[in-house]
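Trainee: One structure is given below, represented as structure tokens, and several questions about it will come after.
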């Protein structure tokens, strides 16, 4: 029994991200409206961002900004050693920091493609667009 | 179709949950991702760059190439939105109504589309015009300078606190977007024109790549900011810190420009006549 509880405590964060990711995935494959698909892509992306950030977590670690390194008056600079255990992993944060802004930019591109499709077919519903393509 | 989708999604989810069995526990300091490379970043950042915020140092120095091309991606997203959506309409000579804001008098003028609204004295009245709400415009006018000031703080203080070019650039861009939402797109275009936004985008990327090229000219590697110490009165470690600041400013400008550019293209569907 303690084994199961240990597993749940150790892994439940991944399960939450997988649930979120599957919500986005379902929206991508099953929804008919293109804007809803774009929202699905964004939910999927959010799940991956959360997943990456959670990889960098450490019990007992603080944010990756070094403390007391400059010292007061410059005299006490770096008198104590910096231990990697005290700070969480900065690398996933760096990757996701850029990914968030890039996701906003790609969302803009996706929306402009949706606007173009609407201009041409006067609808954003996938089945109606396909029907209109077949008519021609 | 929906049921098939649900089954596929469920199966994928179960498979992924089964795969998490091999993952390290949450917050485990001994997990592979938290050792090897990141240990070096945490322990050596101060010696190498004298930047306490490890995220900033890794973003702009150790992984400078990555960030440079992320900035290029944002720039190209702005360009793509422009090329996909922009519709250039011929300015016609048709009659239109102008409202003088101070007195409330409405004038009928020929060739109304050719007049610029940069002074803010006149509003164009057409079927898109809505009377501006006094409370919203006044509140936004008060808020926007402070939002921009905070954005500058976030960019400039990225070495010592959470922040940096990406975050500050987005906040700067959002202040202009707030102006476009609270007033209208025309008002925001008088502050930063379409050309201006596109130019800012390119200038930001240019500053980033130019800093890298400058290091190359001074005898270092591309984006090796230590070489800047030859023209700055700084030791190589402080020069790295300074180089990171220049690069972050470039990123901030590029992100701000592309946010405004993308917003004005998408919200007006490329016609630049109405906003949201």
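Any read-out appearing in this document is the output of simple, stated calculations on the displayed coordinates, not a laboratory observation. Computed from a predicted structure; not experimentally measured. As a convention, Cβ positions derive from the backbone with ideal geometry for all residues, glycine included, and neighbour counts pool all protein chains shown.
Trainee: Looking at the square roots a ≥ b ≥ c of the eigenvalues of the Cα gyration tensor of chain A, which shape do they give, rounded for a/c under 1.5, prolate if a/b is larger than b/c, or oblate?
Mentor: Oblate, because a/c is 1.5 or more while a/b does not exceed b/c.
Trainee: For region B:131-276, what number results from the quotient of the Cα radius of gyration and 2.2 N^0.38 Å?
Mentor: Taking the Cα Rg and dividing by 2.2 N^0.38 Å, one obtains 1.23.
Trainee: Further, regarding this structure: Hey, in the GNM for chain B with a 10 angstrom Cα cutoff, which one of B:231, B:42, B:181 fluctuates hardest?
Mentor: Judging by the Gaussian network model, the answer is B:231.
Trainee: Also: With r defined as the distance between the Cβ atoms of residue B:191 and residue A:128 and R0 fixed at 41 Å, what FRET efficiency is calculated, to the nearest 0.05?
Mentor: Numbers: r = 40 Å, r/R0 = 0.98.
Using R0 = 41 Å, I get an efficiency of 0.55.
Trainee: Please give the calculated 222 nm ellipticity per residue for chain A, where each DSSP H segment of at least 4 residues contributes -39500 (n - 2.57) and the sum is spread over every residue; nearest 500 deg cm²/dmol?
Mentor: Result for chain A, helices only: -24000 deg cm²/dmol.
Trainee: With springs only between Cα atoms under 10 Å, which of A:114, A:99, A:84 fluctuates most in a Gaussian network model of chain A?
Mentor: Top of the fluctuation ranking is A:84.
Trainee: To the nearest 500 deg cm²/dmol, what mean residue ellipticity at 222 nm is calculated for chain B from DSSP H runs of n ≥ 4 alone, each contributing -39,500 (n - 2.57), summed and divided by the residues?
Mentor: About -20000 deg cm²/dmol.
Trainee: Here is a follow-up. Most fluctuating residue of B:220, B:169, B:158 in a GNM of chain B with Cα springs under 10 Å: which is it?
Mentor: Per the Cα network of chain B with a 10 Å cutoff, B:220 tops the list.
Trainee: So, one more: Using alpha-carbon positions, what is the distance between the centroids of region A:87-136 and region B:228-247, in Å?
Mentor: First find each Cα centre; the distance between them is then 39 Å.
Trainee: For region B:1-117, report the translational diffusion coefficient in µm²/s to the nearest whole number, using Stokes-Einstein at 10 °C, 1.306 mPa s, and a Kirkwood Rh over Cα pairs.
Mentor: Diffusion coefficient, whole number: 73 µm²/s.
Trainee: Is the C-alpha gyration tensor of the protein assembly as shown telling us rounded, prolate or oblate? Criteria: a/c under 1.5 is rounded; beyond that, a/b larger than b/c is prolate, otherwise oblate.
Mentor: Since a/c reaches 1.5 but b/c is at least a/b, the shape of the protein assembly as shown is classed as oblate.
Trainee: Can I ask one more? Find how many whole Å separate the alpha carbon centroid of region B:26-55 from the alpha carbon centroid of region A:27-54.
Mentor: That distance is 30 Å.
Trainee: Rg and Dmax of region A:1-74 over Cα atoms: what are they, in angstrom?
Mentor: Every Cα atom of region A:1-74 included, Rg and Dmax give 19.0, 63 Å.
Trainee: Quick one: give the max-minus-min coordinate of the C-alpha atoms of region A:89-135 along each principal axis, largest first, in Å.
Mentor: 55, 16, 11
Trainee: I'd like the Kirkwood hydrodynamic radius of chain B, using the inverse of the mean 1/r over distinct C-alpha pairs, in Å.
Mentor: Final number for the Kirkwood radius of chain B is 22.3 Å.
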